[in-house]
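Visitor: Shown below is the structure under consideration.
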Amino acid sequence: MARSTRRSYEYSWRDYAFESEEGRRGPSAFLYALPCVAVWAAYLLVFFPGLMSMDSLVQWQQLQTMELSDSHPVFHTLLNWVLTRLWESPAAIALAQIFALSLVFGAAMAQLERLGVPVWVRVSLTVFVCLLPTNGMMVLNLWKDVPYSISLLWLTVLCLKVFQSDGAWLSERRHQAVLGISLMFVILLRHNGILPATATLLAIGIVYREQWRRALIIGAVCVLTVVTVKGPVYESLQVQPGERWQALSLPVHQIGAMVRAGVAVQPEDRELLASLLPMEEWERSYRPYTVDTLVHHPDFQKQILNEKSGEFVRLWVRFVAEHPHVAFVDGTGLTSLVWSVPQPADGYTYTTQRDIDANKMGLRLAHPLSPERENAVRQLVAWTEEPARVWWMWRPALYLYALCALAVVAAIRLGREALLVTVPILANAAGLLVTLPAQDVRYLYGALLIAPVIAGLAFAKEDRVGRAHPFWK
């Protein structure tokens, strides 16, 4: 008990003093963050005031009128509302994302510094992260996926602290509060955030059994808070729930695959499907890598699907049970972003916005720099998207495989508890294996942020109790 208390005090002090590996005080986290802020702010100058898709514009309209819908997580819309109170511009949100990602990444590098990771590794990782055009563009997109990915990175950093302290970091209530807040951000910023949050808490309780009660309490407080937010708070704001058809996008896609594969459709089933979309369009509009061409088809009857959702689900379950091979092939195509390093020959990778979509709210790019400079950056982004480079500059599968391999190296050298730090991103990826609707990098952007942290952990010279473990011993 004394040893646990001493360790808890030691790591608590380090957390707030930003102590470096030499034991001196210094704002190391901020030093790592500064180059990221500088580089990404330069991107913002090119694409001022930020990048907005139709999803972004819908949320912007909601925060203007406060007519809120949980089709896009309301917590994210409200967060954007708070950020724009002093400056009602998309740039306020873009700047907040730049500072948040820079600081969380800086905290990750500072934590690796405490773990004895060589300076050349930390500098190399910082240069890579801040100069990778993927990050410079993604951090400007006003998508919920960006703060969600930052929250996953934050949760990973906290897992590093738990690992380094052999669980003792959780002995302090303020640390429990910080972990709880990070978990609630993950849960509330995306509807699928419940899986990585739950998996992380379970992993902490299993790996560090003396902390299971604290993990249970944190989980209970998170559940109570989320229920309160999504219950009384949302009700007071008159939040409209998301429509049923949005949860049925994947079954719609698999039905499209069945029709495309020539599966026999009984007359009564054909009648239901034809009421949603003309039968010829089920086959013609099906694309193996996205649900959008079906659910956003101009003739697709979303309201009818809302009304007949139960009947449609029963049809889908029966089709999958009768033709599992068709469902499996469809699933492998739709989830290729998760597992396929190269882009499929007949596939695509949606990387980033480059503009603000057409709108009636007067939002458009300001083009503050000369056309030559802006075109140079646009050409750089286009260069990263070419087949020879898109697989490592944008597609997340390589980063997922790399972080798994590097985590195994860290576990061999430092102890199997090191695998804890992979739980947030791997649980997120596992969830997307059954929910991914399209080949959009934003859904797995967290992998590109967390992989460099795991890479640094593989070079750590101290384990969680401070014993040296250099490669050469």
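The values are calculated or read from the model by the stated rules, or taken from the named source; none is laboratory data. Being a predicted model, the structure only gives us computed values, none of them experimental. Because the Cβ atoms are built from the backbone with ideal geometry, glycine has one as well, and the counts that use them run over all protein chains shown.
Visitor: Quickly run through the range 243-284 and pick out the residues that are among the basic types (Lys, Arg) and either touching a residue at least 24 places away in the same chain (Cβ under 8 Å) or in contact with a Ser or Thr (Cβ under 7 Å, 6 or more places away or on another chain) (or both).
Guide: Here is the first cut: in the range 243-284, the residues among the basic types (Lys, Arg) are 244, 260, 270, 284.
Arg244, Arg260 - these are the residues of the range 243-284 that are among the basic types (Lys, Arg) and either touching a residue at least 24 places away in the same chain (Cβ under 8 Å) or in contact with a Ser or Thr (Cβ under 7 Å, 6 or more places away or on another chain) (or both).
Visitor: Taking the condition within 24 Å of the chain's Cα centre (by Cα), touching a residue at least 24 places away in the same chain (Cβ under 8 Å) and outside any loop (DSSP other than H, G, I, E, B), does Val377 pass?
Guide: Numbers: within 24 Å of the chain's Cα centre (by Cα): no; touching a residue at least 24 places away in the same chain (Cβ under 8 Å): yes; outside any loop (DSSP other than H, G, I, E, B): yes.
So Val377 does not fit the description; no.
Visitor: With the checklist (1) under 23 Å from Pro196 (Cβ atoms); (2) in contact (Cβ under 8 Å) with a residue 12 or more places away in the chain; (3) not basic (Lys, Arg) in hand, flag the one item Ile181 doesn't pass.
Guide: (2)
Visitor: Pick out the one residue from Tyr16, Tyr43, Tyr32, Tyr11 that is modelled with pLDDT under 50, crowded, with 20+ Cβ neighbours inside 10 Å and within 23 Å of Gly106 (Cβ to Cβ).
Guide: Tyr11 is the lone residue from the list that is modelled with pLDDT under 50, crowded, with 20+ Cβ neighbours inside 10 Å and within 23 Å of Gly106 (Cβ to Cβ).
Visitor: Still on this structure, I have one more. Any residue that is over 22 Å from Ile181 (Cα atoms) and assigned to a loop (DSSP other than H, G, I, E, B) - is there at least one of those in the range 206-223?
Guide: No, because not a single residue in the range 206-223 is over 22 Å from Ile181 (Cα atoms) and assigned to a loop (DSSP other than H, G, I, E, B).
Visitor: Name every residue in the range 273-292 that is under 18 Å from Leu305 (Cα atoms) and crowded, with 18+ Cβ neighbours inside 10 Å, in order of residue number.
Guide: Within the range 273-292, Leu273, Leu276, Leu277, Glu281, Trp282, Ser285, Tyr286, Val291 qualify.
Visitor: Sticking with this structure for a sec: Here are Arg214, Arg209: which of them is surrounded by fewer than 17 Cβ atoms within 10 Å (Cβ to Cβ) and over 23 Å from the mean Cα position of the chain (by Cα)?
Guide: That would be Arg209, the only listed residue that is surrounded by fewer than 17 Cβ atoms within 10 Å (Cβ to Cβ) and over 23 Å from the mean Cα position of the chain (by Cα).
Visitor: Among (1) of a type outside the set (Asp, Glu); (2) modelled with pLDDT under 95; (3) exposed (fewer than 13 other Cβ atoms within 10 Å of the Cβ), which single condition is Arg413 missing?
Guide: Result: Arg413 fails condition (3) only.
Visitor: Can you tell me how many residues within the range 430-473 are at pLDDT below 80 and polar (S, T, N, Q)?
Guide: 0
Visitor: Could you check how many residues of the range 326-374 are assigned to a loop (DSSP other than H, G, I, E, B), of a type in the set (D, E, K, R) and in contact with a helix residue (DSSP H, G or I) (Cβ under 8 Å, 6 or more places away or on another chain)?
Guide: 2
Visitor: Just the residues that are among the hydrophobic types (A, V, I, L, M, F, W, C), under 16 Å from Phe75 (Cα atoms) and free of Cβ contacts under 8 Å to residues at least 40 places away in the same chain, please, taken from the range 198-232.
Guide: Of everything in the range 198-232, those that are among the hydrophobic types (A, V, I, L, M, F, W, C), under 16 Å from Phe75 (Cα atoms) and free of Cβ contacts under 8 Å to residues at least 40 places away in the same chain turn out to be Val223, Leu224, Val227.
Visitor: Ok, one more. Just to check your reading of the model, which residue among Val326, Val320, Val295 is in contact with a Ser or Thr (Cβ under 6 Å, 6 or more places away or on another chain), surrounded by 15 or more Cβ atoms within 10 Å (Cβ to Cβ), in contact (Cβ under 8 Å) with a residue 12 or more places away in the chain and more than 26 Å from Thr134 (Cβ to Cβ)?
Guide: None of the other options fit; the residue is Val295.
Visitor: Anything in the range 428-458 that is in contact with a strand residue (DSSP E or B) (Cβ under 8 Å, 6 or more places away or on another chain), hydrophobic (A, V, I, L, M, F, W, C) and part of a loop (DSSP other than H, G, I, E, B)? List them, or say none.
Guide: Answer for the range 428-458, where residues must be in contact with a strand residue (DSSP E or B) (Cβ under 8 Å, 6 or more places away or on another chain), hydrophobic (A, V, I, L, M, F, W, C) and part of a loop (DSSP other than H, G, I, E, B): just Ala438.
Visitor: Quick check: is even one residue across the range 111-122 assigned by TED's automatic domain parsing to the domain that holds Gly415 and closer than 24 Å to Ala376 by Cβ?
Guide: To start, the set of residues in the range 111-122 that are assigned by TED's automatic domain parsing to the domain that holds Gly415 comprises 111-122.
Now restrict to residues that are closer than 24 Å to Ala376 by Cβ: none.
No, the range 111-122 has no match at all.
Visitor: Here are some residues: Leu444, Leu436, Leu414. Which one is among the aliphatic types (A, V, I, L, M), in contact with a Leu (Cβ under 7 Å, 6 or more places away or on another chain) and more than 20 Å from Val104 (Cα to Cα)?
Guide: Just one listed residue meets the conditions, Leu436.
Visitor: Could you tell me whether the range 186-205 includes any residue that is charged (D, E, K, R), assigned to a helix (DSSP H, G or I) and either over 24 Å from Glu307 (Cα atoms) or not assigned by TED's automatic domain parsing to the domain that holds Leu160 (or both)?
Guide: Here is the first cut: in the range 186-205, the ones charged (D, E, K, R) are 190.
Filter again for assigned to a helix (DSSP H, G or I), leaving none.
The answer is no; no qualifying residue exists.
Visitor: Looking only at the range 245-260, decide whether some residue is of a type outside the set (A, V, I, L, M, F, W, C), in contact with an Asp or Glu (Cβ under 8 Å, 6 or more places away or on another chain) and at pLDDT below 95.
Guide: no
Visitor: Something else: Any idea which of Trp120, Trp154 is touching a Ser or Thr at 6+ places or on another chain (Cβ under 6 Å), assigned to a helix (DSSP H, G or I) and either more than 26 Å from Glu374 (Cβ to Cβ) or charged (D, E, K, R) (or both)?
Guide: Every option except Trp154 fails the conditions.
Visitor: If you scan the range 247-261, which residues turn out to be surrounded by fewer than 17 Cβ atoms within 10 Å (Cβ to Cβ) and within 23 Å of the chain's Cα centre (by Cα)?
Guide: Correct list: Ala247 only.
Visitor: In the range 90-133, what count of residues is obtained for those that are among the β-branched types (Val, Ile, Thr), closer than 13 Å to Cys36 by Cβ and either at pLDDT below 95 or touching a helix residue (DSSP H, G or I) at 6+ places or on another chain (Cβ under 7 Å) (or both)?
Guide: Total meeting the criteria: 4.
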